[in-house]
Amino acid sequence: MAPSFDNESSLFNFVVRDGNGVKGIVDSGISTVPRAYIQPPTEQINKNNATKCEIPPIDLSKLDGPEHNQVVNQIVRAAETLGFFQVVNHGVPLELLESLKQTAHNFFGLPAERKAVYRKEVSPSPLVKYGTSFVPEKEKALEWKDYISMAYTNDDEAVQQWPVECRDVALQYLKTSHEMVTKLLGALMGNLGVELDDSKIDTFIGKKMVNMNFYPTCPNPELTVGVGRHSDMGTLTILLQDGIGGLYVKVPEEADMENKGEWVEIPPIPGALVINVGDMLQIWSNGRYKSAEHRVRTTSTKSRVSVPIFVSPQATQMIAPFPQVVEKDGVARYSEFVFSDYINSFFGNAHDGKKSLEFAKPNLSA
């Protein structure tokens, strides 16, 4: 018989403190979603009335040929409108992508006590954190997701400190995607009049992290979310999604495209990686590039995995719109700040759309 999770404090202890995660609830045999995971009606996702995003993926191999300028224009156009696009021929081996998905399933299939070693409060390494939802302590309704997060400093520390069950493929993913990230950033920065050379690259992607996300099957997917509405705080996110789907992006009201203000689904494309613009790129570009507001639905049929790489500035980096862009625009739409302060604000609040960017808005009353 499945345990009762009507008492929210016992649920919290079972899921968060004991490291069972959402997978532990599902494995206990529940037939309905515990109350703590039921989202307000405004946050629930109706998959039947969502439009699929039909924008074809961008072929990155053409960046090195005669169609270079056209491909750069495609990348820039995507960053200026939806803030999301998919890429193929990206240089990350397809067999590695398959291995990443299998490794993620294997890791979350481990006994709870093996994963719980890496809970934030007890993890033997500051680089590794196993958790559930986003900030469970702050959320009105919890997200139906477990994750393992691995911060990168250097190869030696990753090999020594990342979980042995997933470190090798995660590290290979990070390293083989670096050239792609550099090319994408070069295209986006070049369009803003910012030259990207080797000495400057760490200014934009000095902080790197690989996550493995696990969305267990859900008995009432219409009542829950895998991840709530948010934009990513960093520079770019590179996401491997599996074939199940469930990633939705909001088309900005001001976008020059169809479905303004609506949520569109980003359908999985075999072998493709999803790229999305983060808040820092929106700020550096003075709002020209749009960090993508996105969310994830759950499913009742099969557990889903995704594997994002988050690239960001170093925590000590000063952030402000590029002067040459501000000069053209005639106004700075964001204030200067230290990235570590933005990080603290971002992780100090529950997901709430693009509200994270309000931290960087100028204080006009000052």
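Within the set 23/183; 47/207; 129/260; 207/260; 120/140, which residue pairs have Cα atoms separated by over 31 Å?
Beyond 31 Å between Cα atoms: 23/183; 47/207; 129/260; 207/260.
What does the highest-first list of 57-70, 228-241 look like by mean Cβ count within 10 Å?
Going from most to least packed, we get 228-241, 57-70.
Specify which residue in the list 213, 234, 189 is farthest towards the positive end of the charge dipole of segment 189-248, using unit charges on the beta carbon of Lys, Arg (+1) and Asp, Glu (-1), about the Cα centre.
Sorting the options by dipole projection puts first 213.
In vacuo Debye scattering of segment 1-159, one point per C-alpha: log10 I(q)/I(0) at q = 0.11 Å⁻¹?
-0.70
Quick one: with all protein chains in place, what share of the accessible area of segment 9-159 is carbon or sulfur, to the nearest percent (1.4 Å probe)?
51
For segment 251-304, state what percent of all Cα-Cα pairs lands in each successive 10 Å bin, counting from 0 Å until the bin that includes the largest distance.
Per 10 Å bin, starting at zero, the Cα-Cα P(r) for segment 251-304 comes out as 19, 40, 32, 8, 0 percent.
Taking one equal scatterer on every alpha-carbon of the chain, how large is log10 of I(q)/I(0) by Debye at q = 0.07, 0.10, 0.11 1/Å?
Debye intensities relative to I(0), on a log10 scale: -0.29, -0.61, -0.75.
Arranged from highest to lowest average of other beta-carbon atoms within 10 Å per residue, in what order do the peptides 310-316, 25-31 appear?
In descending order of packing, they fall as 310-316, 25-31.
Given Cα pairs under 8 Å that are at least 6 residues apart, what percent is the relative contact order of segment 95-228?
Averaging sequence separation for qualifying contacts and normalising by length gives 31 percent for segment 95-228.
If you take every residue apart from residue 51 with its C-beta less than 13 Å away from the C-beta of residue 51, what net charge results, scoring Lys and Arg +1 and Asp and Glu -1?
Charge balance in the 13 Å sphere: 0.
Using just the alpha carbons, could you tell me how many Å³ per residue the convex hull of segment 138-276 encloses?
Normalising the Cα hull of segment 138-276 by residue number yields 168 Å³.
With the dipole of segment 79-175 worked out from charges on the C-beta (+1 for Lys and Arg, -1 for Asp and Glu) around the Cα centre, which of 94, 117, 107 lies farthest toward the positive end?
Of 94, 117, 107, it is 117.
Accessible area per residue of segment 90-164 at 1.4 Å probe, in Å²?
47
I need the semi-axes of the equivalent ellipsoid of segment 283-333: take the C-alpha gyration tensor, multiply each eigenvalue by 5, square-root it, list largest first in whole angstrom.
Listed largest to smallest, the semi-axes of segment 283-333 are 35, 15, 7 Å.
Sticking with the crude label model, points 7 Å out along Cα→Cβ, report the distance from residue 340 to residue 137 in nm, one decimal please.
Roughly 1.9 nm, to one decimal.
Enter the angle in degrees (range 0 to 90, nearest 10) between the Cα long axis of helix 68-80 and the first principal axis of the Cα atoms of the chain, meaning the one along which they spread out most.
Tilt of helix 68-80: around 60 degrees.
Using only Cα positions of segment 103-172, each an equal point scatterer, no hydration layer, compute I(q)/I(0) via Debye at q = 0.12, 0.21 Å⁻¹ and quote the log10 values to two decimals.
Treating every Cα as an identical point scatterer, log10 I(q)/I(0) equals -0.33, -0.93.
Computed from the mean reciprocal separation of all distinct C-alpha pairs, what Kirkwood hydrodynamic radius does segment 230-331 have, in Å?
With all distinct Cα pairs of segment 230-331 included, I get 15.3 Å.
Evaluate 2.2 N^0.38 Å with N set to the residue count of segment 305-366, then give the Cα radius of gyration divided by it.
1.31
Relative contact order for the chain using alpha-carbon pairs under 8 Å, separation at least 6, rounded to a whole percent?
Answer for the chain is 21 percent.
Show that you can apply the helix-only estimate: for the chain, add -39,500 (n - 2.57) for every DSSP H stretch of four or more residues, divide by all residues, and state [θ] at 222 nm to the nearest 500.
After summing the helix terms and dividing by residue count, I get -8000 deg cm²/dmol.
The values are calculated or read from the model by the stated rules, or taken from the named source; none is laboratory data. Nothing here was measured: the structure is a model prediction, and the numbers come from that model. Cβ sites come from the backbone with ideal geometry, for glycine too, and all protein chains shown count toward neighbours. To get the accessible areas, we keep the full protein, side chains included, count just its heavy atoms, and leave off ligands, DNA and RNA. Shrake-Rupley method; radii C 1.70, N 1.55, O 1.52, S 1.80 Å.
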